[in-house]
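Encoded as structure tokens, the structure appears first; notes follow it.
The values are calculated or read from the model by the stated rules, or taken from the named source; none is laboratory data. Given the structure is predicted, the values throughout are model-derived calculations rather than measurements. Here the Cβ is made from the backbone with ideal geometry for all residues, glycine too, and neighbour counts use every protein chain on show. The accessibility values were calculated without ligands, DNA or RNA, using every heavy atom of the protein model including side chains. Shrake-Rupley method; radii C 1.70, N 1.55, O 1.52, S 1.80 Å.
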Amino acid sequence: MRVGIIDYGSGNIRSVFKSFEKASLLLDKNIQIVIIDNVEELKKADKVVLPGVGAFADCMQGLNNINGLVELLNKMVIEDSKAFMGICVGMQLLANFSKEYGYTEGLSWIDGEVTSIVKVEEEMKVPHMGWNSVEFDQKHSLFRRIKQDEDFYFVHSYKFNVQNNKFVLAKTHYGGDIAAVVLKDNIMGTQFHPEKSQDAGIQFIKNFLEWAP
Amino acid sequence: MLKTRIIPCLDVKDGRVVKGINFVDLKDAGDPVEQAKVYDFQGADELCFLDITASSDNRNILLDVVNRTADQCFMPLTVGGGVRSLEDIRNLLLAGADKVGINTSAINNPILIEEGANKFGSQCIVVAIDVKKNKDSWTVYTHGGRKETRIDAIEWAELVTEKGAGELLITSMDRDGTGKGFDVDLLKAITSKVPVPVIASGGVGTLEHLVQGVKEGGANAVLAASIFHFGKYNIQDARKAMTEAGLNTRL
């Protein structure tokens, strides 16, 4: 199996690559992790990972800058149902639009909008930065061998308000509920950074590598 | 529930971890790559890597050391030292940093904060502020504490957050390496004014100091070097003390 991590000029590709490589070694299966920056390579991938650190508009721009990338992603993920994982902004890009620095359209794979985290009290700091507990549907294979309320690493100022709650697989709490994992068929996204969440994060990535949606 | 973060800090000079007192009298504290491994194993919440002479030597950060250190980290890594341009930020992110600390350049070229936040998101831009007490106020220093400015630390903290800093790393130079505890008045003055998370730094000698930084200073994360590097305490000890004091930490 070939897992492609898309490098579109945004963020911590190296960290993501390292963590996926570690997870695949632990699984001891024939899994190849590759960093991809063009459509020809992407075509060969069986699973697709879209990392994202940065501003929404800048990330969307980065995707659009690679000729044919968004079209191919739509084909692979929507038509061919290949397993997809977006991380942080890579997850937020699944929304219809974001209100970060103006208004930017997203991929519209899961209906909803991206808005800023609401400060509910004076002492509450934004960005939401650090380890926060994640509540999830324990039956799902993506959370195999992960304990309820496990801490994962978050760092973001905006959140994905998913229109239909059934697409929210896990949530965390910071000035209200925040979608921590979204899931719609073969499309999955995490607001937290599994690549930065030590053992629990590596386990989550292993689960994604074994996931057969 | 969001947890209070415990962050060991690697002050790096010529590729080695060092630790001084009041920013001078540096003592060798080992290899950064080996130290990073240890802290990852101990389950530190984040790691901070500061190339402390990059600005004063007027050179770029040692990317290959950052690279090798990042390879040992499955936790968030903040890297600072000699960051002068968007290109520098990008190179550090590519080398494996998750957040970038800007100190001297934030003062020499404040627009870098704004441009950095627009390009990479505020969450990635940590403004580090080195501070000395001056009667009733606090003054900002640059170039690894070698150069005094006339800037008031509290005003500066407020200004950089308006410009887009996503986090502040506040180091009391008076307390650094002394083991006398954080300057909690300084922390309180800043945490009560800024909307972003604050990392307290400088002066930790006991586990009780970590608790004070959060309870009295209002910090969201506590950074320490000597107490961890020389094996006096490990991350678990710190976590236990903080939990017993009623703070939320990871288990």
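Of all residues in segment B:1-28, those being within 14 Å of another protein chain (Cβ to nearest Cβ) and under 13 Å from B:Val204 (Cα atoms) number 2.
Per-residue answers, yes or no, for (1) more than 14 Å from every other protein chain (Cβ to nearest Cβ); (2) in contact with a Lys or Arg (Cβ under 6 Å, 6 or more places away or on another chain); (3) on the phi < 0 side of the Ramachandran plot:
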residue	(1), (2), (3)
B:Thr53	yes, yes, yes
B:Val65	yes, no, yes
B:Ala70	no, no, yes
B:Ile89	no, no, yes
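Cβ-Cβ distances below 6 Å connect the following pairs, each with a first residue in segment B:87-111 that is under 21 Å from A:Tyr153 (Cα atoms), a second residue that is part of a loop (DSSP other than H, G, I, E, B) and not β-branched (Val, Ile, Thr), and a separation of six or more residues or different chains: B:Leu93/A:Asn12; B:Asp98/A:Asn12; B:Asp98/B:Pro76. The criterion of at least 1 residues that are closer than 15 Å to B:Ile125 by Cβ and in contact with an Asp or Glu (Cβ under 7 Å, 6 or more places away or on another chain) is met by the following helices (runs of 4 or more DSSP H) wholly inside segment B:7-115: B:86-95.
Being of a type in the set (Gly, Ala, Ser) and over 17 Å from the mean Cα position of the chain (by Cα) is true for just one of B:Ser192, B:Ser172. Which residue is that?
Values: B:Ser172 fails: over 17 Å from the mean Cα position of the chain (by Cα).
Only one candidate qualifies: B:Ser192.
Strands (runs of 3 or more DSSP E) fully within segment A:63-181 that include at least 3 residues being within 16 Å of the chain's Cα centre (by Cα): A:83-87, A:112-116, A:150-156, A:158-162, A:168-173. For segment A:116-160, give me each residue that is free of Cβ contacts under 8 Å to residues at least 60 places away in the same chain and more than 26 Å from B:Ile199 (Cα to Cα). Selection gives A:Glu135, A:Phe136, A:Asp137, A:Gln138, A:Lys139, A:His140, A:Lys147, A:Gln148.
Mind checking which residues of segment B:123-163 are open to solvent by less than 10 Å² (accessible area, probe 1.4 Å) and of a type outside the set (A, V, I, L, M, F, W, C)? Answer for segment B:123-163, where residues must be open to solvent by less than 10 Å² (accessible area, probe 1.4 Å) and of a type outside the set (A, V, I, L, M, F, W, C): just B:Thr142.
Can you spot a residue in segment A:190-197 that is surrounded by fewer than 19 Cβ atoms within 10 Å (Cβ to Cβ) and either under 24 Å from B:Gln123 (Cα atoms) or not small (Gly, Ala, Ser) (or both)? No. Applying the condition of being in contact (Cβ under 8 Å) with a residue 12 or more places away in the chain and assigned to a loop (DSSP other than H, G, I, E, B) to segment B:208-231 and asking which residue is surrounded by the fewest Cβ atoms within 10 Å (Cβ to Cβ) yields B:Phe230.
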